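Here's the structure, in structure tokens; my notes come after.
The values are calculated or read from the model by the stated rules, or taken from the named source; none is laboratory data. Values in this document were obtained by computation on a predicted structure and should not be read as measured data. Methodologically, a virtual Cβ is constructed for each residue, glycine included, from the backbone with ideal geometry; neighbour enumeration extends over all protein chains shown. Please note that ligands, DNA and RNA were not included when accessible areas were found on the heavy atoms of the full protein model with its side chains. Shrake-Rupley method; radii C 1.70, N 1.55, O 1.52, S 1.80 Å.
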Amino acid sequence: MKLAILATLAAACLATRAVAQAPVVDKVDPPNWWGSHSINPVRLLVHGRNLTGARFDCPRLACAGARVSAAGTYAFVDVTIPRGAAPGAYPLTLRTPAGAATVPFRIDAPLAAAGRFAGFGPDDAIYLIMPDRFANGDASNDDPAASHGLLDRNEGRRYHGGDLAGVRAKLPYLKDLGVTAIWLNPIYDNTNSLDTKEVYDGKPTTAYHGYHAIDYYGVEEHFGTLAEFRSLVDAAHAQGIKVILDMVANHTSAYHPWVADMPTPTWYHGTAQSHVNETWQTWTLADPYSSADVRRSTLDGWFIDILPDLNQDDPDVARYEIQNTLWWVGVSGIDGIRQDTWPYVPRRFWRDWMTAIKAQYPSLKVVGEVFDGDPAMVSFFEGGRAQFDGIDDKVDALFDFPLYYPIRNAFAQGHAVRDVAQLLSHDRLYRDPSSLVTHLGLHDVSRFMNEPGATVDGLKLAYTFLLTARGTPLIYYGDEIALPGGNDPDNRRDFPGGWPGDAHDAFQSTGRSPAEAAVHDHVRALLRLRAQRAELRRGRMENLVVGEQTYVYRRGTSVVAINNDTKPAEVRVPSMARLTDALGVCVPARRDASGVTIAIPPRTSCVF
Ligand SMILES: [Ca+2]
Ligand SMILES: [Ca+2]
Ligand SMILES: [Ca+2]
């Protein structure tokens, strides 16, 4: 009888042991960190299975706060790195009652700060590159094993083969053009399969654009490797070109593993089955009379009703995103960050995120996307001052979408150039209008040359204004050669000459058509002038003449004169020291005691 009971107990024990399987670990975010970092301890998110009951052994480190998700697939642990810890491997051991697993973890030596983490501002000219569409430097990653079958250059929403190696190969072109910084659309590891949730014209899509992350610690295999990104950053720095990396904190891919298995119950706002749709009622966020309920669909909604909305009010999400940002900066040495969909994330999170960035990299700069044409709206999100909600989101710069609209209307469609000057009069709403990143188009809008009425001459006028007016100018890849293109994805055509075998190569001066050369050489000349004359970057702007189609302004001793009309114009300006047009098209017609009269040919600009 006694033996029978013992046998039953032994069988029960075996059964229990059979149910409790040994833990398995397959991912650690972040995989490495640094000693003497402003974030210490660092919070690891360990993924695997059978992690229930996990405790951590952390030789030469200190671990605390271990927690495991209900499914036993995610474990958090806070790792304190002792002062002076030498770089190297510091594997942890994760133990459960059923066994143990190794958690790989490394302490790296920090990158030397000299020449890195430099920030950007009005002294720079930024060039935006969509890595998939600029240049194909490595054909071996065109159809990678991890995401096989997504490439088709004839389809606007498939991968085309551009990559980090291609960007690196074209740095001499960018250096010659005169840009001082590149902004890359996101390079996170993106969705590995055809996206059957985001469908256009019955066709599934791919995340060639980079905005649908499935792994915030991975590099998209179509674009290259982390090592290639690091060497691109180093190569850019060696040419005097800074690097700004695009980041997306608001949402992930619908195919991110978190969607099916959240690390915490509140990781996302809702679930794939039950969530609110993003309504883009941005104004409600800047409205002192909005209740939390009214703001909720804009803040917590799923972007295009598809992209899962991360919940930054969950302290583990906030911590994860802050550490992830600092990780990218720390591993690569980038100089700036472009942050997606700025309004749709709580402002208190941005404040904490910006504070963490500045604590480690005080010079690094962030530009946030507030896609709105109203200066009153954009200025609400400007950093450096608290708004009615008591929050200063601390962002360094925002895109100047309000200025983009009159630039397009005037210089492409031929509307009054006075509207450009009038828009600038709203600068009084900004704390620092010179920090705004100005542009005449980017990857989310149709190209300048697609506007009704757009001409090469109009594009040149737009660039004269963009590159001599206040702000930090941004050039969207291809606009400098008058590349056409309608709405997304037509506005993301391949740069001609970026692919081996391209019949037309606009990267080479000998390969450019007359129209391409006209715009390219104009932009190049203006960027040289801007580099030579600090006043075109920093000087106070003063309007001298604002007519229906004539606009003359001074920055320091430089005078810019624009005639947006289809007939010649004469404008009267105060006497100036230099009477030579640096662009070589205008001549002062008369000079007398009270000033100078400038004759400007139709649709032409000059810089005295
Ligand atoms: Ca490639
Ligand atoms: Ca991928
Ligand atoms: Ca959100």
Based on the Kirkwood radius over alpha-carbon pairs, what is the Stokes-Einstein translational diffusion coefficient of the chain at 25 °C with 0.890 mPa s viscosity, in µm²/s? 93
If each Cα of segment 30-102 is one equal point scatterer, what is log10 of I(q)/I(0) from the Debye formula at q = 0.16, 0.19, 0.25 Å⁻¹? -0.54, -0.74, -1.16
Averaged per residue, the 1.4 Å probe accessible area of segment 486-608, protein heavy atoms only, in Å², is roughly 46
Let me understand segment 11-134 better: what is its radius of gyration from the alpha carbons, and its Dmax, in angstrom? 19.8, 75
Which of 339, 417, 357 sits farthest toward the positive end of the charge dipole of the chain, with +1 on the Cβ of Lys and Arg and -1 on the Cβ of Asp and Glu? 357
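For segment 153-247, would you read off the P(r) tail past 21 Å as a percentage of all alpha carbon pairs?
Result for the distance tail: 38 percent.
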When the Cα atoms of segment 251-322 are enclosed in a convex hull and the volume is divided per residue, what value in Å³ results? 95
Based only on Cα atoms, what mean projected area does the convex hull of segment 273-365 have, in nm²? 6.9
For segment 573-587, 3J(HN,Hα) per residue [Karplus equation, 6.51 cos²θ - 1.76 cosθ + 1.60, θ = phi - 60°, Hz, x = Gly/Pro]: 10, x, 4, 10, 5, 9, 10, 10, 7, 5, 8, x, 10, 9, 10
Counting pairs on different chains as well as pairs 8 or more places apart, how many Lys pairs in the chain have Cα atoms under 13 Å apart? 4
Please give the calculated 222 nm ellipticity per residue for the chain, where each DSSP H segment of at least 4 residues contributes -39500 (n - 2.57) and the sum is spread over every residue; nearest 500 deg cm²/dmol? -7000 deg cm²/dmol
³J(HN,Hα), Karplus 6.51/-1.76/1.60, whole Hz, each residue of segment 445-450, x for Gly, Pro: 10, 4, 5, 3, 5, 8
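What is the mean projected area of the alpha carbon convex hull for segment 398-524, to one decimal in square nanometres? Spell out each step's value before the answer.
Values: hull surface 31.4 nm².
Hull-based average projected area comes out at 7.8 nm².
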Roughly what % of Cα-Cα distances in segment 316-357 sit above 13 Å, to the whole percent? 56
Mind checking the angle between helix 226-238 and the chain's longest principal axis? C-alpha axes, 0 to 90 degrees, to the nearest 10. 30
Semi-axes of the equivalent ellipsoid of segment 198-260: what are they in whole Å, largest first, if each equals the square root of 5 times a C-alpha gyration tensor eigenvalue? 28, 14, 11
Relative to the chain, whose Cα atoms define the longest principal axis, helix 456-468 and its Cα axis are tilted in degrees, nearest 10, by 70
So if the hydrodynamic radius of segment 384-455 is defined as the Kirkwood radius over C-alpha pairs, what does Stokes-Einstein give as its diffusion coefficient at 37 °C and 0.692 mPa s, in µm² per second? 239
If one compares the long axis through the Cα atoms of helix 514-532 with the longest principal axis of the Cα atoms of the chain, the angle in degrees, nearest 10, works out at 80
Over the alpha carbons of segment 377-417, what is the largest minus smallest coordinate on each principal axis, giving the biggest first in Å? 42, 18, 10
Two-decimal Rg to Rh for segment 197-341 - Kirkwood Rh, Cα set: 1.01
May I ask you to evaluate 6.51 cos²θ - 1.76 cosθ + 1.60, the Karplus curve with θ = phi - 60°, for each residue of segment 362-379 and list the ³J(HN,Hα) values in order in whole Hz, giving x for glycine and proline? x, 8, 4, 10, 10, 10, x, 8, 10, 7, 8, x, 9, x, 5, 6, 4, 5
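Can you give me the orientation-averaged projected area of the convex hull built on the Cα atoms of segment 500-593, in nm²?
Details: hull surface 33.9 nm².
Seen from a random direction, the Cα hull of segment 500-593 projects 8.5 nm² on average.
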With no solvent and one point per C-alpha, what does the Debye sum give as log10 I(q)/I(0) for segment 80-209 at q = 0.13, 0.17, 0.18, 0.19 Å⁻¹? -0.85, -1.00, -1.03, -1.05
Principal axis dimensions, largest first and in whole angstrom, of segment 228-273 by Cα: 49, 17, 16
